[in-house]
Amino acid sequence: MAQASSQLSALELPSVSWRRRHLLGLEELSAEEIRTVLEVASRFAQVPATAPLPELLQGKTVVNLFFEDSTRTRTSFALAVRRLGGEVIDFQASASSLSKGETILDTARTIEAMGVDAVVIRHRTPGAPHLLAQNLQASVINAGDGPHEHPTQALLDMLTILQHRGSLEGLTVALVGDIAHSRTARSNIWGLTRLGAHVILCGPATLVSRRWEALGVEVSYSLDDILPRCDVLNLLRIQFERQQSRPFPSVREYAHLYAMNRQRLEQAKPNVLIMAPGPINRGVEITADVADGSHSVILKQVTNGVAVRMAVLWLCLCVAQQDGQP
Ligand code: NCD
């Protein structure tokens, strides 16, 4: 792999190797590649939000192609492009020719024909970003494909843990909640296990299957049992919009068994990190006092989202092309 020396000496970005034009998931990334993104993102994260950055994406156009709702991911991709001097176009799926029967591939090809360098796509169908990557010249970044993967979310989760703990090796990280429907869970499992963390999946049996153990993770149905061993608790939203039927009798019963609340916090390690990808449902997976309390790094995750997306865009749009990879 060719070495691409960065133009970011002011930022003290490292000299990096990167071959991929697309970021489709963490499953296909090696531990070394994940470390590279996190290393670059951690340098971006050190720059205050108001400080100027080199215009690394000058002349590049990125389209945000979101077919599902989003607050954090969409906004932070847009901010990441703008902070690095690129152009961003926000595509409104509901106001497009998709409503006239155009396929997603034809829509993407049409947008690409106008001279787009990257497509950031969120779609309810697993594999939609992979389909675009096979058919477009532009870089494709997966911003969530159904319940499959959400690589930049897992990367920002890992960056946040690294900032607080220095390493992921040997840490116990619990992903609590709707594992069955969570793309955040899948990407976190790939990333965390690859960097040496012990992952526990915890939730009701209707949402957490023992089959996940094949990925080298532990499965538990009792949050109270695992709590004292956890260094990090990542509380996932119940994805009602992806479920055919209710996976538990009532939200109240779910909260009774799995919500992170003040009583449970007292049973946890004194320095436990409380995380959530958001949006959070206060009173369901987390109580308001814990979400806003001193252990919570939920807003720090949001801040880190911009740094991670700057790193991914720079690597895929600038460094990979300098390396001469297809
Ligand atoms: C997640 C998503 O959309 O997959 N949120 C996010 O991107 N920050 C998780 C969720 O919707 O619960």
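Would you mind working out the accessible area per residue for the stretch 151-302, using a 1.4 Å probe, and quoting it in Å²? Don't skip to the answer; put the middle values down first.
On the way: 6210 Å² over 152 residues.
Result: 41 Å² per residue.
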*Report THR71's accessible area, 1.4 Å probe, all protein chains in place, as a number in Å² to the nearest 10.*
90
_Heavy atoms of GLU55: accessible area, 1.4 Å probe, square angstrom to 10_ = 110
_Using θ = phi - 60° and Karplus 6.51 cos²θ - 1.76 cosθ + 1.60, couplings along the stretch 27-37 (whole Hz; Gly, Pro as x)_ = 4, 8, 8, 7, 4, 5, 5, 4, 4, 4, 4
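Rounded, prolate or oblate: which fits the stretch 151-302 when a ≥ b ≥ c are the square roots of the eigenvalues of the alpha-carbon gyration tensor, with rounded for a/c under 1.5 and prolate only if a/b beats b/c?
Rounded.
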*Tell me which residues come under 5 Å, amide H to amide H, from SER296 once H is placed; ignore anything under 5 positions away on its chain.*
ILE274
*What order do you get for 256-267, 136-147 when each peptide is scored by the mean count of other beta carbon atoms within 10 Å, highest first?*
136-147, 256-267
_the chain - mean residue ellipticity at 222 nm from DSSP helices (-39,500 (n - 2.57) per run, n ≥ 4, rounded to 500)_ = -10000 deg cm²/dmol
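Packing-wise, with mean Cβ within 10 Å as the measure, how do 309-316, 246-253, 56-63 rank, highest first? Don't skip to the answer; put the middle values down first.
Values: 309-316: 26.2, 246-253: 13.0, 56-63: 19.0.
Those peptides, ordered most packed to least, come out 309-316, 56-63, 246-253.
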*Cα principal axis extents for the chain, largest first, Å*: 53, 49, 37
*Tell me the label-point distance for the pair ASP69, LEU98, using the 7 Å Cα-to-Cβ offset, in nm and rounded to one decimal.*
1.5
*Tell me which lysines have Cα within less than 21 Å of LYS269's Cα, excluding those fewer than 8 residues away on the same chain?*
LYS300
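Indicate, rounded to the nearest 5 percent, the antiparallel portion of the DSSP beta bridges found entirely in the chain. Walk me through the numbers before you get to the answer.
Values: 1 of 36 bridges.
Once the DSSP bridges in the chain are tallied, antiparallel ones form about 5 percent.
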_Surface share of carbon and sulfur [accessible, 1.4 angstrom probe, percent] for the chain_ = 49
_Can you return the aspartates and glutamates within cross-link range of LYS60? Criterion is Cα-Cα under 18 Å, with same-chain partners fewer than 8 residues away left out._
GLU87, ASP90, GLU112, ASP117, ASP323
*Where the centroid of each part is defined by its Cα atoms, how far is the stretch 42-106 from the stretch 117-132 in Å?*
13
_Karplus-derived HN-Hα couplings along the stretch 272-285 (A = 6.51, B = -1.76, C = 1.60, θ = phi - 60°), whole Hz, x at Gly and Pro_ = 4, 9, 9, 10, 7, x, x, x, 9, 10, 4, x, 9, 8
*Would you pull out the residues with amide H under 5 Å of ILE89's amide H, same chain only if 5 or more places away, H placed 1.01 Å from N?*
VAL62, VAL63, ASN64
*Convert each backbone phi in the stretch 230-243 into a coupling constant with the Karplus relation 6.51 cos²θ - 1.76 cosθ + 1.60 (shift: θ = phi - 60°), then list the ³J(HN,Hα) values in order as whole Hz, x for Gly and Pro.*
8, 8, 9, 10, 10, 9, 8, 6, 6, 8, 3, 5, 9, 9
*asked:* If amide hydrogens are placed 1.01 Å from N in the peptide plane, which non-local residues have theirs closer than 5 Å to the one on VAL16?
replied: ALA4, SER6
*Taking Cα atoms, how many degrees apart are the long axis of helix 183-194 and the longest axis of the chain, rounded to 10 and kept between 0 and 90?*
90
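The values are calculated or read from the model by the stated rules, or taken from the named source; none is laboratory data. What you see is a predicted model, and the numbers here were worked out from it, not measured in a lab. Glycine gets a Cβ as well: all are built from the backbone with ideal geometry, and neighbour counts include every protein chain shown. These area figures cover heavy atoms from the full protein model, side chains too; ligands, DNA and RNA do not enter into them. Shrake-Rupley method; radii C 1.70, N 1.55, O 1.52, S 1.80 Å.
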